[in-house]
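Read the figures in this text as sums done on the coordinates, not as results from a lab. Everything numeric in this text was worked out from a predicted model, so none of it was measured. Note that each Cβ is placed from the backbone with ideal geometry, even for glycine, and that neighbours are counted across all protein chains shown.
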Amino acid sequence: MARFIFITGGVVSSLGKGLASAALGSLLQARGFSVRLRKLDPYLNVDPGTMSPFEHGEVFITDDGAETDLDLGHYERFTGVAARKTDSISSGRIYTTVLEKERRGDYLGKTIQVIPHVTNEIKDFIAIGEDEVDFMLCEIGGTVGDIEGLPFFEAIRQFSHDRPRGQCIYMHLTLLPYLAASGELKTKPTQHSVKEMQSIGLAPDILVCRSEHPIPEKEREKIALFCNVRKESVVAAYDLKSIYEAPLAYHEQGLDQAVLDAFEINPAPRPDLRVWRDVVDRIHNTDGEVNVAIVGKYTQLEDAYKSIKEALMHGGMANRVKVNVSWVDAEVFDSEDAAPYLAGYHAILVPGGFGERGTEGKIKAAQYARENNIPYLGICLGMQMAVIEAARNVAGLSSAGSEEFDHEAGKKRFEPVVYHLKEWVQGNAKVSRSADDNKGGTMRLGAYDATLQPGSKVAQIYGSNAIEERHRHRYEVDIAYKDKLEAAGMRFSGMSPDGRLPEIVEWTDHPWFIGVQFHPELKSKPFNPHPLFKDFVRAAKEHSRLV
Ligand code: GLN
């Protein structure tokens, strides 16, 4: 039977609730407990899959094919526990389920209401798989007081009310602003935020207070008294240089101890924090730096490529180098020479993306990397662009392009080297799509196997000929062009097990040029860097010594 920790936020958004939840998960693991983390999002989208990366940052994909909130990426990176479809839920999904049930007549003629129908649905969701772990950590998106969040807050109140005493606790994140004029940390916003919670029947057991300055003992006592928590349960969260310092920092501030105390787990098992000490040591003790250009479209919002940035950091840790990431907007050199924008980087990464805007620039980035022997990693759209570049500039197919762009433009301009995939197999089942399907949830999503060619660069890097990676795309490189491209020197070194879908391409006469149809960044961890990112950064380090 799991114990439940509900994590909420107040005062302002962006306090790092996801990170605090993930770090707490890792600390509980370090004490020998099993954990699962869950995100409950009050927005009305059914999932973030249809939201622009500018709106909501990256969409994180699970093995079982769900398009989820990027916080699930944090959870995985800190705990190593693979997230599932059932670890991310939104109001939109809850209401869709409730309304489907209503249409089916499942409610037997009852009037459908937020309480109990919506709240019951949320409670059922929270409890899924509770027997599998010691702790279930559920983070509620947004801040207390948001209108949209109310059914979730009500559901977690009822949840703990339904359960035996001591099975659930509430952890609330707040901000202690610093007033420079008076040189003080102010506790009032925290007090108000807790009052707001109390007014809906929730009483936090633990307060995590974000602060830029050390919290004096006196202020801690005041918060404890006014917010009705124990003094030891007022935990400070200071700004950190790296997010991977969070587990050790929270441990030093007593967060995991406070949680175990709140559950009366006594004596508490001692934590083994060696993994995190090693991670932090690798971040701080580096030998050299590499400069990597991420040539993309959503470059104004770094969160749009969150997992890629983190995976590059992990690659840096594995090689003990500092990785400096530069965000280069591909559109800027759509119709210009790319060289002035890309010169000097030790590696180029073209990430995933949707739509035609900026793709000519990405194709030029692939060409620049190929011609100048610069390590190149193309992810999803970045692989498709590398293949189009090869087709146009090496295999002589000057009008090569992707059906995605013709589809968008409503006219045929390109030879479809990358085409709209309408049928594929998943396990033993056939999956079909049509051109006018809904946008939401209809891509090739989730984990798929790939077979690697023995002796290829990727087989060496993975140390295996069979891999499983996560996908999220509608379009695919057309196998019909394989022979032409291979004759030009591009090796199709990874294929779907049925040999129909190209999963990986690499240039044989290039030091490091790899395109992958999947998203390796989603599986990288600081304590277990993804092999492709580890080797990409190694290649960048090698290149940096040559230039
Ligand atoms: N837009 C491309 C497709 O749908 C690539 C998707 C991606 O990069 N994730 O196939």
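Points worth noting:
- Theoretical FRET efficiency, 1/(1+(r/R0)^6), r = Cβ-Cβ of PHE226 and ILE265, R0 30 Å, to 0.05: 0.65
- About the Cα centre, charge dipole magnitude for the chain (Lys/Arg +1, Asp/Glu -1 at Cβ), debye: 600
- Cα lying deepest toward the dipole's positive end in the chain, options MET1, GLY65, ILE374, charges on Cβ: MET1
- Maximal additional length on extending the VAL114-HIS192 stretch stands at 25.5 nm, based on 0.36 nm per residue less the C-alpha distance.
- Backbone geometry of segment 455-471 corresponds, through the Karplus equation with coefficients 6.51, -1.76 and 1.60 at θ = phi - 60°, to 3J(HN,Hα) couplings of x, 6, 4, 5, 4, 5, 5, 6, x, 6, 9, 10, 9, 9, 9, 8, 10 Hz, x marking Gly and Pro.
- Spacing of the modelled spin labels on ALA127 and GLU468, each 7 Å from Cα toward Cβ, amounts to 3.0 nm.
- Three-way shape label, segment 66-134, alpha-carbon gyration tensor, a/c 1.5: prolate
- Between the beta carbons of ALA203 and VAL332, assuming R0 = 41 Å, the FRET efficiency works out to 0.20 to the nearest 0.05.
- Dipole in debye (nearest 20) - segment 364-409, about Cα centre, beta carbon charges: Lys, Arg +1; Asp, Glu -1: 260
- Segments 529-536, 122-129, 499-506 sorted - mean Cβ within 10 Å per residue, highest first: 529-536, 499-506, 122-129
- Spin-label pair SER34/GLU100, simplified geometry with 7 Å Cα→Cβ offset, distance in nm: 2.8
- Cα centroid separation - segment 15-72 against segment 251-283, whole Å: 21
- Anisotropy class of segment 448-547 from Cα gyration tensor, a/c 1.5 cut: oblate
- FRET E, pair GLU212, ASP483, Förster distance 56 Å, beta-carbon r, rounded to 0.05: 0.40
- Dipole of segment 96-243 [Lys/Arg +1, Asp/Glu -1 at C-beta], most positive-end residue of ALA203, ALA181, GLN158: ALA181
- Computed over the chain, the P(r) curve from all C-alpha pair distances, binned at 20 Å from the origin, holds 21, 50, 27, 3 percent per bin.
- Ranking GLY296, PRO340, ASN285 by Cα position along the charge dipole of segment 249-344, where only Lys, Arg, Asp and Glu carry charges on their C-beta atoms, puts ASN285 farthest toward the positive end.
- Among beta bridges identified by DSSP and lying wholly in the chain, the antiparallel ones come to about 35 percent.
- When you restrict to C-alpha pairs under 8 Å that are six or more residues apart and normalise by the size of segment 324-470, the relative contact order lands at 14 percent.
- Cα shape, segment 91-201, gyration tensor, a/c 1.5 rule: prolate
- Nearest-20 debye value, segment 327-457 charge dipole, Cβ charges on Lys, Arg, Asp, Glu: 400
- Note on segment 335-389 and segment 89-167: Cα centroid distance 45 Å, given to the nearest whole angstrom.
- Pairs of Cα atoms nearer than 8 Å and 6+ residues apart set the relative contact order; for the chain it is 15 percent.
- Among the listed pairs LYS241/LYS523; LYS17/LYS541; LYS430/LYS523; LYS231/LYS309; LYS362/LYS484, those beyond 32 Å (Cα-Cα): LYS17/LYS541; LYS231/LYS309
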